[in-house]
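Chemist: Quick one: the structure is below, and I'll ask about it shortly.
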Amino acid sequence: MKNSGAKKWLVRGAVLVVVGVGLVYGGILLWTKVIDPPEDRFDSDDLAAVVDVTTTVADSSGSTTIPTPDGDELSGLWMVTDGSEVGYRVKEVLGGVDTEGVGRTDDVSGTLTIEGTSIIETTFEVAVATITSDSTRRDSQFAGPIMETAVHPTATFQLTQPIELGSIPAPGTTVTAIAMGELTMHGVTRDVSFEVSARMDNGVIGVLGSIEVLFSDYEIDNPSNGFVTTGDTGLIEFVLAFARA
């Protein structure tokens, strides 16, 4: 009889454990898929939005209104302006549930130089410590042991080969090209190439793209732990707006 009673308690305990695990898993699933799902990737709608509303650019004295240039004359210097965002996206397994970690910031600066139908120079810089996600715990890990923003506060991209557009795109028309340059983050510089989409409207040039990175190439340790597992690669995503300087 004693053995029978012990077996009943073992069975009940096992059932409770299974139920508890199911509730935890279900809670995580509900949170990550329904209540607080990851933000969508930047897309053509975001590109259209930045060229639709942006009219100012920040300089040393504050925001200055930028006049709309002639539609067929783009040559000159352009500066990153309002509406620009840069962030990261990395695959995560959270308590057994597949999801994504997404962080973003609008603390972006940079320039773009056009000569005729070619983009001959571009650079942009991101204040890495200002990138935030939907989790303060993730943000603490990101700014601390992962990216070490106290030591490496910025990430930069610089074009190393001109981008030939072939012709001046008509307002509202999206063109695609391959950008080649140097990406520097976590104190390490690597050559990268990636596709970009560009569009001009209302005197604003919008640029959309993403860069796939292998974290170990930038001496970034995989932050996986007992509860969260992350991939070894991630995406740097951006939608940038440029107005004439």
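Chemist: First obtain the Kirkwood hydrodynamic radius of the range 38-244 from its Cα pairs, then insert it into the Stokes-Einstein equation at 20 °C and 1.002 mPa s, and state the resulting D in µm² per second as a whole number.
Modeler: 121 µm²/s
Chemist: Turning to a different aspect of this structure: Estimate the FRET efficiency between H152 and F194 by the formula 1/(1 + (r/R0)^6), using the beta-carbon distance for r and 22 Å for R0, to the nearest 0.05.
Modeler: It comes to 0.55.
Chemist: So if each residue of separation counts as 0.36 nm, and I subtract the Cα-Cα distance between T130 and L77, what length gain in nm does that give?
Modeler: Extra length from T130 to L77 when fully extended: 16.4 nm.
Chemist: I'd like the Karplus ³J(HN,Hα) series for the range 155-162: coefficients 6.51, -1.76, 1.60, θ = phi - 60°, whole numbers in Hz, and an x wherever there's a Gly or Pro.
Modeler: 10, 9, 10, 9, 5, 10, 9, x
Chemist: A follow-up question, please. Amide H of T160: which non-local residues (sequence gap of 5 or more, or other chain) have their own amide H closer than 5 Å, using H built in the peptide plane?
Modeler: M180, G181, E182
Chemist: Measuring from label point to label point, each 7 Å out along Cα→Cβ, what is the D232 to D45 span in nm?
Modeler: 3.5 nm
Chemist: If you don't mind, another one. Would you pull out the residues with amide H under 5 Å of D201's amide H, same chain only if 5 or more places away, H placed 1.01 Å from N?
Modeler: For D201, the qualifying residues are G172, G206.
Chemist: Filter the GluC sites (Glu not before Pro) in the range 70-149 to those in DSSP coil with at most 12 other Cβ atoms within 10 Å of their Cβ, and list the result.
Modeler: Hits after loop and neighbour filter: E73.
Chemist: In debye to the nearest 20, how big a dipole does the range 153-245 give about its Cα centre with +1 on each Lys and Arg Cβ and -1 on each Asp and Glu Cβ?
Modeler: So the dipole magnitude of the range 153-245 works out to roughly 420 debye.
Readers should treat all values here as calculations from the given coordinates under stated rules, not as data from a laboratory. Note that the structure is predicted; figures quoted are calculated from it, not measured. Using ideal geometry, Cβ is built from the backbone for each residue, glycine included, and neighbour counts are taken over all protein chains shown.
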